[in-house]
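What follows is one structure encoded as structure tokens, with my remarks underneath.
No value in this document is a laboratory result; all are computed from the given coordinates. The structure displayed is predicted, hence computed values, not measured ones. Reconstructed Cβ throughout: ideal geometry from the backbone, glycine too, with neighbour counts over all protein chains shown.
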Amino acid sequence: MSNDTRFYKQLFRAADYFACKSTTGSDNTSIVQYNKHCWNDSRTFNGLLYAVADVCSISRECISTYRLLDQAANCIDVGDEKVIGYGCNVNVRKHRFQCSSKNSSHCLPVWRLGNGERDCANGFDEYINGSNIPIAEIYCKRSNDSGCQILRQYISKSSLMNTSDSLSTSHNQSTPTAQIPFHHLCNSFWDLSSKIDEFTKYCQQWICSTTDFQCKTGQCISMDHVCDGEMDCSDGSDEQGIFLLIGDNMSKHNRYLTNLSAKINQCHKLYDHQQPFGEFCDFQREFPCLLNNVTDPIDILKNRPCINLTRVGDGVADCYGALDEMNTFEDCRGSMKGFTFRCADMLTIWHCIDNAFLCDVRCKAGDDRPLCFYRSNILNCSAPMDVVCLNGEQCFKGGRCDGSLDCPYGEDEFWCPRVSSNFAKSYYRQEKHTLEVEKTLDFHIPTYPRLQHTFSSANPSQINSNKKFQRHRRIAQMDKIKNESNLLLRESFWCNRGVAIYVNNSIGCLCPPSYYGDRCEYYSDRITVVTHLDISHYRLEDSIDNNTVLKIVTTLLHEHTIIDFHEFRVQPVLEINEPVKQKFHLLYSRSERYLREKQDRQASRNQILYEHPYSIRFEVYEQRANYAIVELGAWEYPIYFDFLPSYRFATILRFPNGYTNISVNSCRKHRCLKNSICRPLFSKTNSYYCSCEQGYYGKHCQFRNEQCHVYCSAQSICKGGYRDQTIEIQRPLCICPRDRFGPRCNLRLNSFCPKGRCQNNGTCLYTYDWTGETHFRCVCQDPFYGAHCEYEKISVKIRINSTEVVRVTTIQFFDINRQTLQLEIRHQEVQSSLPTFIRYQYNEEYAPSLCLLKFYDDVDSSRYFIGYFQPSATAINVTTEPLYCSLAQNYLQQLNISKYMSLKT
């Protein structure tokens, strides 16, 4: 979390508190109130203390103990970060980092580790065990990465650490290493938090691409970035500092660059005359800036505002604000300083001020005054971009950073970026860094086997259709992004989390379920349900057809009255391989009756402990052909925390094993009263419930809703006892058949499978997409794919020509990431002995670039071979004699020896 974000968070919390405190007539009887003692005088249903702390002395908020000592202030007075007697909550301890076992004053969430801000006195939150291994450089992108596993162990064992631990790890300890692409070294951007990848003493040995410009520091940058007005080399030798490289000082590498002379001429145009302090400085040798370490930097007559160009980027701040060290000093985020100003008063929230806010936000100690000399309180010269010159006599309205030298010494253009993006509130050189990271590389490695020994047996039309499919997919993705961008309107935030619409030339709001109000400004009291239907025991083979669908109707019940509901469908054939997690809200009623009941229950401990009027029921229906609906059973769970404004309920819905067996059916020994049918309750062993018949409702199905005669469409099921929250009346709830939807099941769902739409024996399945965009989905048989199974996968065919005798062969197919040059596995398989023929089918535009074979002679002995290397090939059909990877083998042997020796010592 950046300092400015933290500042605004605290500011808004404080403003909210004082606004509420000063408001007259505030409703102290609201049901949303904190307990006087934060519920510390009571216990949960299972006899445990509540994990809530009373530590906010001003706002009197009750803070979860999970949020104490996490370096994120929740109390206005930051009391939750100063508490004594609280340690890391035992329930979250393994997910939080503790500086040591002796220091329990910090309980850091994961995002605080390696963020450049030292929270632990021993530095363990920034470096592994205080060593020289930065946490920020541990490679952890996916949960199964080795770096992520190391971090999980490091965090879980942090409470066992001792502050006296050595600041260096032992040589035999498994330590993580940073991983960055080779070509990111010496590219003028910091890719490691230690910045070692851009150290001059290492980059001086670097060899640049023949098309790149080499800085005096040894760094390599694109020729497009030379003399573009923005310093890319640490020493500025790509901009004004290029004048020091002309003639005999030009490196051998740069002499052979085309267009360099034109670039130097461009630098002359930029820097010979269009810089401040031209009356004092020789721009061929000197860099203009206010001086550092002088009594009065803006007294330029006494303190000549020039430094030698050789002192730019030398690691010493010779200019005020370290303007000469833009690419060597860092800002408060750990990024290159650029035009950010760092205040001397490190206690203030704003100890770093972005260029976009400079002189609008001020340093407390006033050390930004030399940069803000142009600001004035004079009435006609007080706008943010108005300039009062150093002589105090001249005013130029709008003259600040306009590209024109207006003041006598050109001081109106001092500290003005020449690249417009550096005026914005963004990271310094952000656009260039993004281009560098996303840049794709060409590698010039000979193919194997040689191209003359390869031949393609793939059908040209098959390859073309594959390319066409991939091209259409990319175009569709680009169009989607473009359309989404065009939908961002100025009024987007008018409705909070809702959608703004125009109604009679005014803005109206469509609110999501969890919000309400004219501008969706209020939260609804709600239960957030997260669930998944486990169909491992569902008798799929008993289904009438492939398009039999399971419909789950979820209802929020208050003493057998339906308050709210949500329904979703599960297609069993798809769910087997593509399980879907459902997340939705069930809303409590906002009627006066239910609000009053909730308030009364909150005041009664006995009611909370022993009375639970709310419950959630998941009824599962099998929707079959010909409008047939069969109720299979239900899962039902009580809600113990209905007094909370928001509650998260998570469960997995499982069919019991053998639930269709009549001999173990719980309804075999139970009978229900009139107007109801016994159904099994899956959430409880040997339990049942009585499901009311069509139109009936109530605890014993004793009431009948006469609207069910005409309310729901034919073939649907009508539930009598549903209370509509919007109009507060009792009305039926309609359970629709497979091809209908809507509140009364009158709308026809165009889920159909036209004959022949799924080609090549593909299976057509209904999607039940209410938008009508996708009526069906094709499940293809191998080797076909595509929306209609119209494309055939192209095969990689490898004939092995080898006399090797092996026990097991591991076959791996890789793509090569052209940005990082890392191998990305696409497919792997294991075969006994050595296969003579390998076949792999793929549905991408290009075949995997590399095939590696790993031969196992025994359990502990393996050898690596190259099956083929064919980048950018649409089809592979080769006869190959596997190429032995001797260098990889030697490296692995040395690695194993070093591991053995470390364990031995």
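Worth a mention:
- Net charge of the neighbourhood of residue 608, taken over other residues with C-beta under 13 Å away and scored Lys/Arg +1, Asp/Glu -1, is 0.
- Relative to the current alpha-carbon distance between residue 872 and residue 274, full extension at 0.36 nm per residue lengthens the span by 210.4 nm.
- Other residues lying with their Cβ under 10 Å from the Cβ of residue 513 contribute a combined charge of 0, Lys and Arg counting +1, Asp and Glu -1.
- Taken over region 697-824, the ratio of Cα radius of gyration to 2.2 N^0.38 Å equals 1.95.
- Which listed pairs, of 216/263; 141/793; 551/719; 598/699; 263/337, have C-alpha distances above 19 Å, in listed order: 141/793; 598/699; 263/337
- Residues whose amide H comes within less than 5 Å of that of residue 808, counting only those at least five positions distant or on another chain, are 833, 856 (H built at 1.01 Å from N in the peptide plane).
- Simple rule: put +1 on each Lys or Arg Cβ and -1 on each Asp or Glu Cβ in region 793-895, find the dipole, and look at 852, 817, 836; the Cα lying farthest toward the positive end is 836.
- Classification of region 793-895 by its C-alpha gyration tensor yields an oblate form. The axis ratio a/c (a ≥ b ≥ c) is 1.5 or more, and b/c is at least a/b.
- Total formal charge among the other residues, if their Cβ is under 15 angstrom from that of residue 646, Lys/Arg +1 and Asp/Glu -1: +3
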